[in-house]
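A.B. asks: I am attaching a structure below and will ask some questions about it afterwards.
The values are calculated or read from the model by the stated rules, or taken from the named source; none is laboratory data. Remember, it's a predicted structure, so these values are computed and weren't measured experimentally. Note: ideal-geometry Cβ built from the backbone for every residue, glycine included; neighbour counts use all protein chains shown. Calculation scope for accessible area: heavy atoms of the full protein, side chains included, ligands and nucleic acids excluded. Shrake-Rupley method; radii C 1.70, N 1.55, O 1.52, S 1.80 Å.
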Amino acid sequence: MLDPRVIAKLSMKNLGLIFLFILLINAVSGVETDVVESVSVIVGDSVTLQTEVTQIQSGVIEWRFRGHRIAIVDCDSNKRVQANVTEEFRDKVQLDNQTGDLKIRNIRTADSGLYRLDIYSARGSSKKTFNISGVASDGVKVMSVMERDSVVLPSGLSKIQSEDQITWKFKDTLIAKIHKIAGIFSIYDDVLDERFRYRLHLNNQTGSLIITNVRPNISGLYEINISKSSSRYTTHKTFNVTSIDGENRLSVMEGTSVTLQSGVSEIHRDDVIEWRSEHGDSIIAKIDRGTKVFNLLDEADGRYSGTLELDSKTGSLTIRHIRTKHTGLYHLDITGNRRTIFKRVFISVCPQNWSPYVMVVILVAVLLLVVIGAVVAIRCRQPENGNSSVI
């Protein structure tokens, strides 16, 4: 009888041989095992599923959704490439006839599911599956901004990772790029007649784009593209920025009260609201629902001592008994996961005009003097009349 340890060794050896045989078969046939990559996309955004083919030279590329073919790229022996999308998906997807990449626009929850890629060529075949899930979001997409105000276009990232590759485009023109692992963190503000000169800024932590001093000529569509070196897909988010003509200017009389409106009907739980005065750019009021902060910093320099009121529901700020020293520019910053709002309000405080009141006082004083003089004159005459006699 064989030793059980010998039998165990033989069994392990056989398993190893079987495993090597399977690998050899796969290598010879050119077939790769299917890999499923999960892709989470915000509803309304777009995503590009990549084939990793730089230039189609031969063979066939097929895309299937839930088992049904939706797109195909066929390169015949004469190197002629034909790319076709089925009628049902023609308005939904875009096929790159150079690489076979599939872009799915304006993702909806109904577009969630398995997307399968099959590549057939003379060298073999490969396949890959993407599991797309559409995540609902009420994030801001349309940005209406007052001229000369600023706006933040959020990337949706909490922190840039080393393998992240981010590009910002304005109407298909590259205006910013981040590739952390390559040390690229660039702004291209000299494009398009230098209309973006000194107006573009990147958030170092999140990759969000900040546009300052907004003008009508920079209104339009902005797109952020985010991909990772380890993944085979790119997500796209689009913002429509519109510049609104006009100024937020308030002129008030000294001694009255004025309310600076936040423009929101209710503060969200994740909102942070800050009111700043141009005097030292100091924060004079703050609301942070997340940390339960509700502060009036009105005694920082004594300028606003006892004059500020903050609406806990809307974040609007009231300045009572306003004085000429309160004249100037006020900034409102509202930042949160669902919205980012910047506003500026310029307040001019007119000193009380006492001239009319002084004239009235003088006039009343003159009238009183006239009346008093008349009374005195009458009383002076009365004794003379009393001492006179009739003969």
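A.B. asks: Could I have the simple spin-label model distance between ALA377 and THR212, label points 7 Å from Cα toward Cβ, reported in nm to one decimal?
C.D. replies: 7.3
A.B. asks: For segment 56-110, with all protein chains present and a 1.4 Å probe, just round the carbon and sulfur fraction of the accessible area to a whole percent.
C.D. replies: For segment 56-110, the apolar C and S fraction of the accessible surface comes to 41 percent.
A.B. asks: Non-local amide H neighbours of VAL39 (under 5 Å, H modeled in plane, Pro and chain starts lacking H): which ones?
C.D. replies: ASN131, ILE132, SER133
A.B. asks: Label LEU192 and ARG123 with points 7 Å out from Cα along Cα→Cβ: what is the distance between them in nm?
C.D. replies: Computed distance between label sites LEU192 and ARG123 equals 3.9 nm.
A.B. asks: Express the C-alpha Rg of segment 91-158 as a ratio against the empirical globular expectation 2.2 N^0.38 Å, rounded to two decimals.
C.D. replies: So the Cα radius of gyration is 1.67 times the expected 2.2 N^0.38 Å.
A.B. asks: Another question, then. Round to a whole number: what % of the accessible area of segment 172-325 belongs to carbon and sulfur, probe 1.4 Å?
C.D. replies: In segment 172-325, the share of accessible area belonging to carbon and sulfur is 46 percent.
A.B. asks: Projected onto the charge dipole of segment 72-179 (+1 at Lys/Arg Cβ, -1 at Asp/Glu Cβ, origin at the Cα centre), which of ILE132, CYS75, LEU157 gives the Cα projection farthest towards the positive end?
C.D. replies: Of the options given, the answer is CYS75.
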